[in-house]
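Here is the structure we will look at, set down as structure tokens.
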Amino acid sequence: MTYSWHLEMIWDYRQVFARGVVVTLQLTIIALACGVVLGLVFGLMRGARNWLLSMPAMIYIETFRSTPTLVQLVWIYYALPMLTGVQLSAFNSVALGLGLHTAAYLAEIFRAGVNSIDRGQMMAAKAIGMTYFQAMRRIILPQATRRMVPPFINEFATLIKLTSLGSVVAVPEILHEANNVISATFRPLEVYTAVAVVFALIACPMIFVARLLERMLTARS
């Protein structure tokens, strides 16, 4: 049986896909910003010698790393309002969930990057009068960043793809808009193929830029 492709219908619904792309990028940027900030905080807490700091960070990290992302998003959207009385919109729920999820993985990347730097450098920084945070900002983190770029790129690419889970709670990202198009056209093969191409077009340029940044940092080291 030969399938008859009708790719022209993708162009007919280009505005629908464009809306989905915008929402996907918004989710990615917000979740990434949240993940970087929280990931750095929890990564430093996880590496602390004081168990009052390391234990809560460990619980947070392992909880989000050991449970499915979809369950986390659904729990935040449906269960959190029952506990707090605060109802977040679908978009905010997914952005928050993806941000918290990403932070758990980035925390381990930050921790591993910091731990890869010789401890003698921290001791030397303190010997010349620097505080812990000054040493981190001026000496440790700039070196660790070079080593964190490759796993950071992988996590960034994963985050872009995870935004498709927003369709479960009706966030109008690419996959949700694609399902609406399928309901109207009954052409799932063309639509899902277009979705795959769109995700590739979003992720590949960003990954390329990140790889370029990695090479630049390596060349300077």
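For the reader, a short list of remarks on this structure follows.
- Where only DSSP H runs of four or more residues are counted, the chain gives -25500 deg cm²/dmol as its mean residue ellipticity at 222 nm, each run worth -39500 (n - 2.57).
- Label-to-label distance, residue 59 versus residue 196, with points set 7 angstrom from Cα along the beta-carbon direction: 4.4 nm.
- Highest-MSF residue in the chain out of 138, 111, 46 [GNM, Cα springs under 10 Å]: 138
- Between residue 127 and residue 48, the FRET efficiency estimated from the beta carbon spacing at R0 = 22 angstrom works out to 0.60.
- Highest-first arrangement of 8-19, 117-128, 169-180, 71-82, where packing means the average Cβ count within 10 Å: 169-180, 71-82, 8-19, 117-128
- Spin-label proximity, residue 84 to segment 57-72 - amide N less than 16 Å from point 7 Å beyond Cα toward beta carbon: 72
- Alpha-carbon spread of segment 21-175, three principal axes, descending order, Å: 55, 33, 23
- For segment 21-175, a simple Cβ point-charge model (Lys and Arg +1, Asp and Glu -1, everything else neutral) yields a dipole of about 600 debye relative to the Cα centre.
- Other residues whose C-beta falls under 14 angstrom from the C-beta of residue 13 contribute a net charge of -1, scoring Lys and Arg +1 and Asp and Glu -1.
- Listed residue (135, 3, 44) projecting farthest to the positive dipole end of the chain, Cβ model: 135
- Sites residue 41 and residue 184, calculated FRET efficiency, Cβ-Cβ separation with R0 45 Å, nearest 0.05: 0.50
The numbers here are math on the coordinates, done by the rules we state, and not lab data. It should be emphasised that the depicted structure is a prediction, and the values quoted were computed from it without experimental measurement. Here the Cβ is made from the backbone with ideal geometry for all residues, glycine too, and neighbour counts use every protein chain on show.
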